[in-house]
1. Failed condition for THR113, given (1) in contact with a Cys (Cβ under 9 Å, 6 or more places away or on another chain); (2) under 20 Å from THR9 (Cβ atoms); (3) without any contact (Cβ under 8 Å) to a residue 24 or more places away in the chain, with all others met?
2. Restricting attention to region 222-229, does a residue exist that is crowded, with 21+ Cβ neighbours inside 10 Å and free of Cβ contacts under 8 Å to residues at least 40 places away in the same chain?
3. What single numbered condition from (1) under 19 Å from ILE207 (Cα atoms); (2) in a helix (DSSP H, G or I); (3) under 21 Å from the mean Cα position of the chain (by Cα) fails to hold for GLU257?
4. Output the residue which, of all residues in region 295-306 that are assigned to a helix (DSSP H, G or I) and touching a residue at least 12 places away in the same chain (Cβ under 8 Å), is surrounded by the fewest Cβ atoms within 10 Å (Cβ to Cβ).
5. Would you mind finding the one in ASN181, ASN201 that is polar (S, T, N, Q), farther than 21 Å from LEU123 by Cβ and outside the structural domain of ALA271 (by TED's automatic domain parsing)?
6. With respect to the numbered conditions (1) of a type in the set (A, V, I, L, M); (2) out of contact with any His (no Cβ under 8 Å at 6 or more places or on another chain); (3) at pLDDT 95 or above, which one is the sole condition not fulfilled by ALA229?
Amino acid sequence: MSDQNLNKTGNLLRQLREDKNLTQKQLEELSTYSERTISRIELGRTNPTTVQINALLSALGVSSNDFYDRLCGEDMQKFNNDYEEILDLASVNNHASASTKLDELKTKDYCDTTNPIIKQAVLLCEAVRQTYLHENYSTSFDICCEAIQVTAPNILSEDKTVNCEKVATLSLSVNEFRILNIIANLNEKFGQQQQSLDISNALVVSIESNVVDYSIKKKVLPLAYTNFAHRLLTDKSYSKALDVAERGLEFSRKVKEFRYFNGIMCHKGTALYYMDDTEQAKICLKQAYDSFIKHGDTEYAEIMRASAKIQLGIDIC
């Protein structure tokens, strides 16, 4: 970290401490660091580690996202604009373009990976590239583990198992959710179905119960419901899958976020089918099919129609 960034970091930490009407001695009692260490950080005389910064922020009751937004301001906004474009490209399976954009992003002046939030976001993009473009699942898993430990070092055990009870108590950021969601997907590919299911459950609990920022809920909760319902179906927990799907549909309607609506509707239809309610299952699947067609997603519509016919024996057309 440059001398300028050391001073900016120290000054902001001092300001946040003073905003809470705390002395350095009182912050020492709330954190794991001595008054002398806190003083040196605030004066810009030492280069604090990510762990130290996160520990002090936790003691002050300030999120790392808010801290780095204030610290980096304009540069962070520039980075976020490019970074979100990369994830948008990846979300529609345009992985080659996303990969090119990621390489370009890494050369930008404002891609400062000494900023933990930016470092985590770059690692997330790289994990997306390794997972969906190159299918290097083991490499992607290691990258995800490195990424999540940037802001949540206590989530993983030594064998890289996710502590789902811990996750369920956290107020996750969007990026933390995205990383853990990829880890759940990779666990499923590795045949670790229970760990994948447990992570999906913990993600839903975290976003439902702990996240107060409604923009974050709107962005990630429908996907969390989709994946959890899918994994409950795989686990043959059909009643639970139906409950999760219905919660997902209700939330999606409430916030007018329909990106995952059809997928959730498909999961509801599948759960109903296995619960011997074939007529309602067909209605749900037909509704999802018609919605895909209406929004121009004919490829997904035909895949869904074929799947309903082959796997469930339901002709929705």
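1. (1)
2. yes
3. (2)
4. Let us first name the residues in region 295-306 that are assigned to a helix (DSSP H, G or I), namely 298-306.
Then drop every residue that is not touching a residue at least 12 places away in the same chain (Cβ under 8 Å), which leaves 300-301, 304-305.
Numbers: TYR300: 18, ALA301: 21, MET304: 21, ARG305: 20.
The qualifying residue surrounded by the fewest Cβ atoms within 10 Å (Cβ to Cβ) is TYR300.
5. Checking each option against the conditions leaves just ASN201.
6. ALA229 satisfies all of (1) of a type in the set (A, V, I, L, M); (2) out of contact with any His (no Cβ under 8 Å at 6 or more places or on another chain); (3) at pLDDT 95 or above except (2).
Matching residues to (1) within 22 Å of VAL92 (Cα to Cα); (2) in a helix (DSSP H, G or I); (3) at pLDDT 95 or above:
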{"residue": "VAL204", "(1), (2), (3)": "no, yes, yes"}
{"residue": "VAL212", "(1), (2), (3)": "no, no, no"}
{"residue": "LEU233", "(1), (2), (3)": "no, yes, yes"}
{"residue": "VAL244", "(1), (2), (3)": "no, yes, yes"}
{"residue": "CYS284", "(1), (2), (3)": "no, yes, no"}
{"residue": "ILE293", "(1), (2), (3)": "yes, yes, no"}
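The values are calculated or read from the model by the stated rules, or taken from the named source; none is laboratory data. All values derive from a computational prediction rather than experimental measurement. When we count neighbours, we look across all protein chains shown, and the Cβ atoms used for this are built from the backbone with ideal geometry, even at glycine.
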